[in-house]
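Below: the structure, in structure tokens.
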Protein chains: 2
Amino acid sequence: MTILNDAVSAAPLAQADRLDALRDELTRRGLTGFLIPRADEYLGEYVPPSAQRLAWLTGFTGSAGLAVVLRDRAALFSDGRYTLQMRAEIDTRQFEPLHQIETPPTRWLAAALSGEERIGFDPRFHTPEQIDPFRAVCDRAGSLLVPCLDNPLDAIWVAGRPPPPCAPVEIHPDSLAGASSAEKRAKVARTLRDDGCDALVLTAPDSIAWLLNIRGGDVDHTPLALSCAVVAADGTVEWLIEPAKRGTPGLVSHLGPDVHLRPPAELGAALDRLGSAGARVRIDATATSVAVIDRLTEAGARIERGTDPCLSLKACKNPVESAGARAAHHRDGVAMVRFLAWLAATAADGTIDEITAAERLDQFRRAGTLYRGPSFDTISAAGPNGAIVHYHSTPASNRRLSPGDLYLVDSGGQYRDGTTDVTRTVAIGTPDPEARTRFTLVLKGHIALARACFPVGTTGSQLDVLARQALWHEGLDYDHGTGHGVGSFLSVHEGPQRISKVGNNIALRPGMILSNEPGYYKAGAYGIRIESLLQVVESPAPPGAERPLLRFETLTLVPIDRTLIDPNRLDPAEQAWLNAYHARVWSDLAPALDPTTATWLKTATAPLF
Amino acid sequence: MTILNDAVSAAPLAQADRLDALRDELTRRGLTGFLIPRADEYLGEYVPPSAQRLAWLTGFTGSAGLAVVLRDRAALFSDGRYTLQMRAEIDTRQFEPLHQIETPPTRWLAAALSGEERIGFDPRFHTPEQIDPFRAVCDRAGSLLVPCLDNPLDAIWVAGRPPPPCAPVEIHPDSLAGASSAEKRAKVARTLRDDGCDALVLTAPDSIAWLLNIRGGDVDHTPLALSCAVVAADGTVEWLIEPAKRGTPGLVSHLGPDVHLRPPAELGAALDRLGSAGARVRIDATATSVAVIDRLTEAGARIERGTDPCLSLKACKNPVESAGARAAHHRDGVAMVRFLAWLAATAADGTIDEITAAERLDQFRRAGTLYRGPSFDTISAAGPNGAIVHYHSTPASNRRLSPGDLYLVDSGGQYRDGTTDVTRTVAIGTPDPEARTRFTLVLKGHIALARACFPVGTTGSQLDVLARQALWHEGLDYDHGTGHGVGSFLSVHEGPQRISKVGNNIALRPGMILSNEPGYYKAGAYGIRIESLLQVVESPAPPGAERPLLRFETLTLVPIDRTLIDPNRLDPAEQAWLNAYHARVWSDLAPALDPTTATWLKTATAPLF
């Protein structure tokens, strides 16, 4: 006779019942609270459905958030992008939606703690710098923060839970990577030796993908194989990855004899071995969990905090990756131009909506070779929806593109030779004069950054003001960064460089790819963003130059809507940049276009002056 | 019969013998090394002769430095400004001169330590963040870092040592300060209570000068009364200051009943009282010594690290201080214009040298009311001397101003109603075309910053690129910050705001005064710097503005040499700014000038176009 496992046999828990079920489970374990972050054990932006614990518990699907559950209260924290979405997605009687800057979770917890509480957290899902402030709050309140490797939420999320992803690993050939994994491993190993480290623990799947020249399919939009790795200072690697993912023909010989395949469950043992050898282990504390660090420390390893050496190597694209990026942007430009030409021909009659437009754009991209899929969920936003920075069309929100609207489309492709990310804002019919003025101010910022020239050592934070100054002079601004790093057939958001108001001490170096995306958003009316990808390149030295200079080369080849530009607001240098950019878009793309599209592009790229 | 004290009776130690004498003293105390910073117990930029231990020991008179003395080696560390000066001033057989960025002192010490050494330091002269890395180095090497409150250098520097300064305290009347000390103390006290602190320990004399509305004369150029203070959360103050400094008539009633005067020797007892009361004490760890923090901690106080609340209050000048700054800049402008007119009339014949020019400039300033003296040592630099950023003329370096030279003069005045700091670069005779081009690039940066318009919350670091971009486009740059804060009849360099490549998270706020001083330096040839002081003001909102805007108002009223400007390199907005600035200089100053000077100024401020 078989006794059925209650949990497995049960029907999936209804959304409304999950919080109570979690509280019951916490009580069973002697806990009075629990922290539920969005992150999983890879601590990245991309979380597979099987690990979306925060969304399962609260209903909130944003890309950043943390829930704090206590016996009689619970709150959900996210940032300003998600203020509206939190309220729309969660039951606010269960979770109080809060802005994490205005009400930091630690402050909320400090006020809520009654003393002698036991607050659990899963140490696999938090970095030390995330968890330390909670520990301080609990200490001060006489409460305890309790690590729970056996996650109580996992005990109640059983029925209806999606299985973990198990996509086969794909080989990223040296012909696209531009450097063999052995060369990359030698570089990383050398950095470790130079820093006096014996090993590096990697839990960031994009670092592993870059290092081993592999890709995967475990999460949407980004070709990651979720896995961990221990890199030794002799260049050998223990790669901890599900056996079911590694049946790919040729994978073992691609990896070579210095990469040892292990099942993920052996991570603990691998860390223990480092510890018992007294190894000095490089840890990037912004990307490594408390669980990994604690296990290493308890086993006797010496933690050497520093940055993941893969980050800066991965950020600087080599010549093969740079050529791939140009080829991918050429195909992406063709798709975008076909889309914009189609839009110009059809949108004015009011029959197109956001969702059909996005589908059509993906069709155009699929016609390009080496296309693997979108690099993120397309933002296809008409009129007031454009003012929602991270808008995602749903059947309920879906709008027709109507004459007089601005239409903002932010999209990108994963091509095997490069990742793209482009935003264009176009007028459907005749634009409103105010929108045209503000589009021109955004364009002035876009051009100022595209034209920037700067000495070696300059950071992205130093350049941010260039993209904002024209808006600032009119009392306008945008509440997001100006530029993020972009991977090579990898994450559409990658570090360490960025262009932002927030200070950042990473110097821009040749080969880095960044977005250039100033914007302007008028709530309830329209949104404007002009985004192209840039690559940092060495600049020719002007006569008399004393310092080596860098500049940007714009990779994106998509026209900027001339009907939205007020030419009187561009100075001669800006006019020259725009005309030269459009001339390049035309000459690069025209040979690949059908005659109808080419005719449209000819007009769309005609000189403004 | 009296036994003479050996040390007092001895002749002053010759420079060459000081290092050996220190080593003997260290040996007597069982130490194998000692750290000698430039700072004294006030940890500021301004050190009186009696506390210039580093200069006495090494001969080096720069404004930043640290010597590390070991038994068989010694090194002197400073920054790039002082590379040449270190070599010129010290005996390099005794001290190895090193660049503190290229060879950090901790790295040098780590390599030099042989293990089981005892390295002394005076905990009054270092902050925790300065000393912690040395402690880590000693720990790793099995050596010990030993605090020495009884400074061994003081034991050998007796004969010939100047007495500590003892200038009388001066009252800074409310009519110039714009707010009473009681009001200021109430604000600081409120901040302490809001932060849950019971007291604040101040060792920064400029904070004390601001808080108590007093000034002093203990160091050159900056009206400081060297002293310490303990501010309680009820607004009362214990002011620890030499009794001999406080005989000023009216001082006690100016301070009122809530300021309690104590001799400096009672600081330790005051800290102990805080400790035994279990007080939570606000400490600015960037401006407070290890000695103070250790004493508080040992006595039982709770250290609450944070910023000195006086800093941001002092930085934002109130309306009376702002009006004073304008009045002081008016008088300073008259002096500078009289000087430049005199220079224009006489320098071309080659009879003026750097030292006589600087003396003449001070004469013109002395003719202004409320003038108290220079706000720093005037930099009066002809030709190649201008390329030395912190140049100080000596009889040996003194140069004639000759036709074809650029002459750079960086000077300022302490007026009772405000502090000034201005740099102008002028051509003697006809300038070289390259110098004219580069002057124009520097001017473009100066204008871009002067014209900047930015939302509330913007930091100086975000704006720095505006001053550099024109130079960058030509492959040129300057290796110093773009702007520093300036006090109100107080330090010519004050924080917390600054405009710099280096990240800084202090938002610019209305009332702050900063310098705007881009430059360009061609070693062996010439130097260019154009410096005016700016004040942050609220900007009128343009139509449709959505964010509150700030901008700068230029306070300095001194023409910029038109013969050094290439008008073709200025765009229309830059031309308009320059003409409007010159028109304002003319209209504001002309009524105060003699006819000859007015005639010169009329031409010097004529529109360029």
Roll a 1.4 Å probe over the protein chains and send me the accessible area per residue for the protein assembly as shown in Å².
39 Å²
Go through A:Thr356, B:Thr106, B:Thr286, B:Thr127 and list them by solvent-accessible area, largest first, probe radius 1.4 Å.
B:Thr286, A:Thr356, B:Thr106, B:Thr127
As I understand it, the dipole of the protein assembly as shown uses +1 on the Cβ of Lys and Arg and -1 on the Cβ of Asp and Glu, about the Cα centre. Which of B:Ala590, B:Gly544, B:Ser181 lies farthest toward its positive end?
B:Ala590
Label point 7 Å beyond Cα along the C-beta direction, distances from B:Ser276 to other copies (nm, shortest first):
5.6
Pairwise centroid distance, computed over Cα atoms, of the range A:335-375 with the range B:312-329, Å:
59 Å
Computed over the range B:504-581, the Cα gyration tensor eigenvalues, each multiplied by 5 and square-rooted, give semi-axes in Å (largest first) of 28, 18, 12
Which three extents, in whole angstrom, do the alpha-carbon atoms of the range A:413-462 cover along their principal axes, largest first?
43, 32, 15
Have a look at the range B:534-562 and report residues whose accessible surface goes down by 20 Å² or more when the remaining protein chains are included, against the chain on its own, probe 1.4 Å, ligands and DNA/RNA excluded.
B:Pro542, B:Gly544, B:Glu546, B:Arg547, B:Leu549
Counting other C-beta atoms within 10 Å, and keeping those with at most 16, which DSSP coil trypsin sites (Lys or Arg not before Pro) do you find in the range A:70-117?
A:Arg71, A:Arg73, A:Arg93
How big is the charge dipole of the range A:200-316 about its Cα centre, in debye rounded to the nearest 20, if each Lys and Arg gets +1 on its Cβ and each Asp and Glu gets -1 on its Cβ?
140 debye
Give me the accessible area of B:Val281, 1.4 Å probe, in Å² rounded to the nearest 10.
0 Å²
Rounded to the nearest 10 Å², the accessible area of B:Ile565 at probe 1.4 Å:
0 Å²
Assuming 1.306 mPa s and 10 °C, estimate D for the range A:265-366 with Stokes-Einstein, Rh taken as the Kirkwood radius over Cα pairs, in µm²/s.
87 µm²/s
The range A:222-369, relative contact order [Cα under 8 Å, separation at least 6], %:
15 percent
Highest average packing first - B:331-339, A:553-561, Cβ atoms within 10 Å:
B:331-339, A:553-561
Counting only protein heavy atoms, what percent of the accessible surface of chain B is carbon or sulfur at a 1.4 Å probe?
54 percent
Give the whole-number value, in cubic angstrom per residue, of the convex hull volume spanned by the C-alpha atoms of the range B:352-427.
82 Å³
Could you tell me which of rounded, prolate or oblate describes the range B:467-609, using a ≥ b ≥ c as the square roots of the eigenvalues of the alpha-carbon gyration tensor, with rounded for a/c under 1.5 and, failing that, prolate when a/b is larger than b/c and oblate otherwise?
rounded
For A:Ser50 the rounded accessible area (nearest 10 Å², probe 1.4 Å, non-protein molecules ignored) is 10 Å²
Note down the net charge around A:Thr482, summing +1 for each Lys or Arg and -1 for each Asp or Glu among other residues with Cβ under 15 Å from its Cβ.
-1
Across 10 Å bins beginning at 0, the whole-percent shares of Cα-Cα pair distances in the range A:57-130 come to 18, 51, 29, 2
Residue by residue through the range A:507-517, which ³J(HN,Hα) values in whole Hz follow from phi under the Karplus form 6.51 cos²θ - 1.76 cosθ + 1.60 (θ = phi - 60°), with glycine and proline marked x?
5, 6, 10, x, x, 5, 10, 9, 8, 10, 9
Can you classify the range A:256-318 as rounded, prolate or oblate using the Cα gyration tensor, where a ≥ b ≥ c are the square roots of its eigenvalues, rounded means a/c under 1.5, and otherwise it's prolate if a/b beats b/c and oblate if not?
oblate
Over the alpha-carbon set of chain A, work out the extent along each principal axis and list the three values in angstrom, largest first.
78, 55, 52
Cα long-axis angle, helix B:181-194 against chain B (0 to 90 degrees, to the nearest 10)
70 degrees
Using the 7 Å Cα-to-Cβ label point, sort the distances from B:Asp150 to its equivalents in the other copies shortest first and give them in nm to one decimal.
6.2
Hey, if we sort B:Leu84, A:Leu76 by accessible area with the 1.4 Å probe, largest down, what's the order?
B:Leu84, A:Leu76
Using all alpha carbons of the range A:90-156, what is the percent of pairwise distances in each 10 Å bin, ordered from the shortest bin to the longest?
19, 43, 37, 1
Cα pair count fraction exceeding 24 Å, expressed as % - the range B:324-451:
30 percent
From the helices alone, meaning DSSP H stretches of at least four residues, give me the mean residue ellipticity at 222 nm for chain A, per-run term -39500 (n - 2.57), in deg cm²/dmol to the nearest 500.
-10500 deg cm²/dmol
Any idea what the dipole of the protein assembly as shown comes to, in debye rounded to 20, about its Cα centre with Lys/Arg Cβ at +1 and Asp/Glu Cβ at -1?
1200 debye
Taking the label point 7 Å from Cα in the Cβ direction, how far apart in nm is B:Pro607 from each other copy of itself, listed shortest first?
3.1
Give the average over all directions of the projected area of the C-alpha convex hull of the range A:540-609, one decimal, in nm².
6.3 nm²
Mind jotting down the distance between the C-alpha centroids of the range B:544-585 and the range A:450-521, whole Å?
28 Å
Sorting A:His172, B:His330 by accessible area (1.4 Å probe), largest first, what list results?
B:His330, A:His172
Report the closest approach of any chain B C-beta to the axis of the B-to-A rotation: residue and distance, in whole angstrom.
B:Gly503, 2
Expressed in angstrom, Rg and Dmax over the Cα atoms of the range A:1-129 are 15.2, 57
Sequence-distant or interchain residues sharing an amide H contact under 5 Å with A:Arg118, placed H: which?
A:Thr32, A:Gly33, A:Leu144
Give the average, rounded to an integer, of partner chain Cβ atoms located within 10 angstrom of each Cβ in B:460-470.
4
Net charge around A:Asp571, counting only other residues with Cβ within less than 12 Å of its Cβ (Lys, Arg = +1; Asp, Glu = -1)?
0
Put +1 on the Cβ of each Lys and Arg and -1 on the Cβ of each Asp and Glu in chain A; which of A:Ala301, A:Ile506, A:Met336 then has its Cα farthest toward the positive end of the dipole?
A:Met336
Mind jotting down a quarter of the surface of the convex hull over the alpha carbons of the protein assembly as shown, in square nanometres, one decimal?
54.0 nm²
Say each of A:Ile101 and B:Asp17 gets a label point 7 Å from the Cα, pointing the same way as Cα to Cβ; how far apart are those two points in nm?
6.5 nm
Would you work out which of A:Thr106, A:Thr58, A:Gln94 lies farthest towards the positive end of the dipole of the range A:39-175? Charges go on Cβ: Lys and Arg +1, Asp and Glu -1.
A:Gln94
With no solvent and one equal point scatterer per Cα, compute the Debye intensity ratio I(q)/I(0) for the range B:132-289 at 0.09, 0.10, 0.19, 0.21 Å⁻¹ and report its log10, rounded to two decimals.
-0.37, -0.45, -1.24, -1.39
Averaging the inverse of every distinct alpha carbon separation and then flipping it gives the Kirkwood radius. What is it for the range B:47-206, in angstrom units?
18.9 Å
Using only protein heavy atoms and a 1.4 Å probe, how much accessible area in total is buried between B and A, to the nearest 100 Å²?
2500 Å²
Once both axes come from the Cα atoms, what is the angle between helix A:572-589 and the longest principal axis of chain A, in degrees from 0 to 90, rounded to 10?
80 degrees
Report D for the range B:420-515 in µm² per second (integer): Stokes-Einstein, Kirkwood Rh on Cα pairs, 10 °C, 1.306 mPa s.
109 µm²/s
Under 20 Å from a label point 7 Å along Cα→Cβ of B:Arg71: give me every residue in the range B:24-53 with its amide N that close.
B:24-36
What average number of partner chain Cβ atoms lie no more than 10 Å from the Cβ of the residues making up B:472-485?
4
What is the helix-to-structure angle for B:128-140, meaning the angle in degrees between its Cα long axis and the longest Cα principal axis of chain B, kept from 0 to 90 and rounded to the nearest 10?
50 degrees
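The values are calculated or read from the model by the stated rules, or taken from the named source; none is laboratory data. It should be emphasised that the depicted structure is a prediction, and the values quoted were computed from it without experimental measurement. Using ideal geometry, Cβ is built from the backbone for each residue, glycine included, and neighbour counts are taken over all protein chains shown. Side chains included, ligands, DNA and RNA excluded: accessible areas come from the protein's heavy atoms. Shrake-Rupley method; radii C 1.70, N 1.55, O 1.52, S 1.80 Å.
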